[in-house]
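Only one structure is covered here, and it is reproduced in the block below.
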Amino acid sequence: MKENIYKEYIEILREELVPAMGCTEPIALAYGAAKAREVLGAMPERITAKCSGNIIKNVRCVTIPNSGGMVGIAAGVVLGAVGGDSSKMMEVLEGVNSSHIQKTRELLAKNVCSVELLDTPVVLHIILEMEAEGNQVVLEIKHDHTNITKIQKNDQVIYENKEKGQESHQADRSLLNLEDIKEFADTVKLEDVQDIIEKQISCNMAIAREGMTGKYGLGIGRVIMESYPPSILTKMRSLTAAASEARMGGCDLPVIINSGSGNQGIASSVPLAVYARELELPDYILYRALVFSNLLTVYQKTYIGKLSAFCGAVSASCASGAAITYMVGGSMDRIKKTIENTLANIPGIICDGAKISCAAKIASSLDASFLAHHLAMNDQAYAPFTGIIQEEVSETIMSVGAIGKEGMKETDKEILKIMIGSEK
């Protein structure tokens, strides 16, 4: 394939497949707080966390890793300020210890952190205001979880993003398309991606195994495994759901994320690792299928955006199903059919925030994508213009993206209104 596209696809994988500990939204808050505290040069006496609706939605119900079971925006911010290391990026809380947790609880008891809903059109938007010893730091994050756009100390701007607040990606995601993704997966030199893919397998399978202990949430992985007939699909669904539940339930093991989401990183990788191991497929087939799945997930999310009222498990599970078709030698036509069959079925799953029930949505989405795969392998697919299905698969992906990004904006507002109202 063209050298420039090859290089860009490698860079996309390196930018997207990075480790994160815990749900990415509270980790973004902890990262911003750790950085603001470093600039402030003292333990904060007062913090105001201004967050967009999607940040509030995705932090409200998840347990923060390395926190001793704490939940919520204020806890994530204060823990990041007390014990976070911003140089660790999305693993900012890796070094938190018991004394940090105790100090965090003391500060939370004093109500040092207040939370405000930020009126902003940017779905991923955080402004942290931190004060101590007569000094103030204001730090802003926009669009991406670690994309600091501005830092101001007192009246002096000490950092401002030259991209005018846009994501600081280097690789050109507009080059993504299904044909080139398949060609890249077919031809990529494995030594160019092996380190990324092997880390994704090891990290995401480790948290899947941890989730199967049943210590987190409802123990969904074990329930699926014990309640359904033994099959590859049962094992895929149970391990993938278990990984998500552990992550949402406060497990401190890192996950290799995709499109800013640990759940999407899990759903686009764990099913393939399980499938390949069950069929005893060689590593190179699994690696190429994971390259395909990861890039197809990013391709879909390019149209939807990082955060939306559209459940990201749908996009990642759709990619997994298509990658299974790819893995078993399915033609491009059958790969397209797998994508269309999935998107004809489950694009209506809403995102009502990050929480342990995301694991159930992943299990349901994988069920749909595996059905889509089997239909495609029997050369069955829904005809163009059946519902939102378009004549070309690229048009279908763009249409789903438009629904998720634009069409569901009002849905997102209603979800947030219900969630906030339920706390009163």
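Checking the table 7/215; 150/413; 7/35; 337/413; 150/215; 2/150 against a 30 Å threshold on Cα-Cα, which pairs fail? All intermediate terms of the calculation are to be shown ahead of the outcome.
Numbers: 7/215 42 Å; 150/413 27 Å; 7/35 32 Å; 337/413 33 Å; 150/215 40 Å; 2/150 37 Å.
Table pairs above 30 Å Cα-Cα are 7/215; 7/35; 337/413; 150/215; 2/150.
Going by average Cβ density within 10 Å per residue, which order do the peptides 236-246, 14-24 take, highest to lowest?
So the peptides 236-246, 14-24, ranked by packing, come out 236-246, 14-24.
Ranked highest first by the average count of other Cβ atoms within 10 Å around their residues, in what order do 369-379, 105-115 fall? All intermediate terms of the calculation are to be shown ahead of the outcome.
On the way: 369-379: 20.5, 105-115: 15.7.
Per-residue mean Cβ counts within 10 Å order the peptides as 369-379, 105-115.
Test of understanding: what is the full-extension gain from residue 213 to residue 377, defined as 0.36 nm times their sequence separation minus their Cα-Cα distance?
Details: separation 164, 0.36 × 164 = 59.04 nm, distance 3.45 nm.
Length difference between fully extended and current span is 55.6 nm.
Under the √(5λ) rule applied to the eigenvalues of the Cα gyration tensor, what semi-axes describe the equivalent ellipsoid of the chain? Give them in Å, descending. The partial results should precede the final answer.
On the way: eigenvalues 262, 101, 82 Å².
Rounded to whole Å, the semi-axes are 36, 23, 20.
Considering Cα pairs under 8 angstrom that are at least six residues apart, work out the relative contact order of the chain and quote it in whole percent. Intermediate values should be presented prior to the final figure.
Working: 875 pairs, mean separation 71.8, N = 424.
Worked out over the chain, it gives 17 percent.
Given N residues in the range 324-385, what is Rg(Cα) / (2.2 N^0.38 Å)?
1.23
Starting at the first residue of the range 69-82, write each ³J(HN,Hα) from the Karplus equation 6.51 cos²θ - 1.76 cosθ + 1.60 with θ = phi - 60°, in whole Hz, x for Gly and Pro.
x, 6, 9, x, 5, 4, 5, x, 5, 5, 4, x, 5, 7
If you take the Cα Rg of the range 38-125 and divide it by 2.2 N^0.38 Å, with N the number of residues, what do you get? Walk me through the numbers before you get to the answer.
Values: Rg = 12.8 Å, N = 88, 2.2 N^0.38 = 12.1 Å.
Against the empirical 2.2 N^0.38 Å value, I get 1.06 for the range 38-125.
Once Lys and Arg get +1 and Asp and Glu get -1 on their Cβ, which of 225, 56, 99 lies farthest toward the positive end of the dipole of the chain?
Farthest towards the positive end: 99.
How big is the dipole moment of the range 185-280 about its Cα centre under a simple scheme where the beta carbon of each Lys and Arg is +1, that of each Asp and Glu is -1, and everything else is neutral? Debye, nearest 20, please.
Details: 9 positive and 11 negative charges, 77 e Å.
The calculation lands at about 360 debye.
Under a Cβ-only charge scheme (Lys and Arg +1, Asp and Glu -1), can you give me the dipole magnitude of the chain about the Cα centre, in debye to the nearest 20?
Working: 42 positive and 52 negative charges, 210 e Å.
Using Cβ point charges on Lys, Arg, Asp and Glu, the chain gives about 1000 debye.
Charges on Cβ only, +1 for Lys and Arg, -1 for Asp and Glu, centred on the Cα centroid of the chain; of 118, 170, 202, which one is farthest towards the dipole's positive end?
118
What ranking do 319-326, 338-345 get when scored by the average of other Cβ atoms within 10 Å per residue, highest first? Can you show the working numbers first?
Numbers: 319-326: 30.6, 338-345: 25.4.
Highest to lowest by the protection proxy: 319-326, 338-345.
Relative contact order for the range 105-238: what percent, with Cα pairs under 8 Å and sequence separation of 6 or more? Spell out each step's value before the answer.
Working: 109 pairs, mean separation 12.8, N = 134.
Computed value for the range 105-238: 10 percent relative contact order.
Pull up the DSSP beta bridges for the chain and report the antiparallel fraction as a percent, rounded to 5. Let's see the in-between values first.
Numbers: 29 of 34 bridges.
Antiparallel bridges: around 85 percent, rounded to the nearest 5.
With the full set of protein chains in place, find how many percent of the accessible area of the range 1-156 is carbon and sulfur; take the probe as 1.4 Å.
Details: 2660 of 5950 Å².
Exposed carbon and sulfur together represent 45 percent of the surface.
Provide the per residue accessible area, probe 1.4 Å, for the chain, rounded to a whole number of square angstrom. Walk me through the numbers on the way to the answer.
Values: 16870 Å² over 424 residues.
Result: 40 Å² per residue.
Taking the Cα atoms of the range 276-424, report the difference between the largest and smallest coordinate on each principal axis, in whole Å and largest first.
The principal-axis extents, from largest down, are 54, 34, 22 Å.
Tell me, what is the percent relative contact order of the range 328-424, built from C-alpha pairs under 8 Å that lie six or more residues apart?
Numbers: 66 pairs, mean separation 33.6, N = 97.
Relative contact order, the range 328-424: 35 percent.
The values are calculated or read from the model by the stated rules, or taken from the named source; none is laboratory data. The structure displayed is predicted, hence computed values, not measured ones. Glycine also receives a Cβ, built like all others from the backbone with ideal geometry; neighbour counts cover every protein chain displayed. The area values use the complete protein model at the heavy-atom level, side chains included, leaving out ligands, DNA and RNA. Shrake-Rupley method; radii C 1.70, N 1.55, O 1.52, S 1.80 Å.
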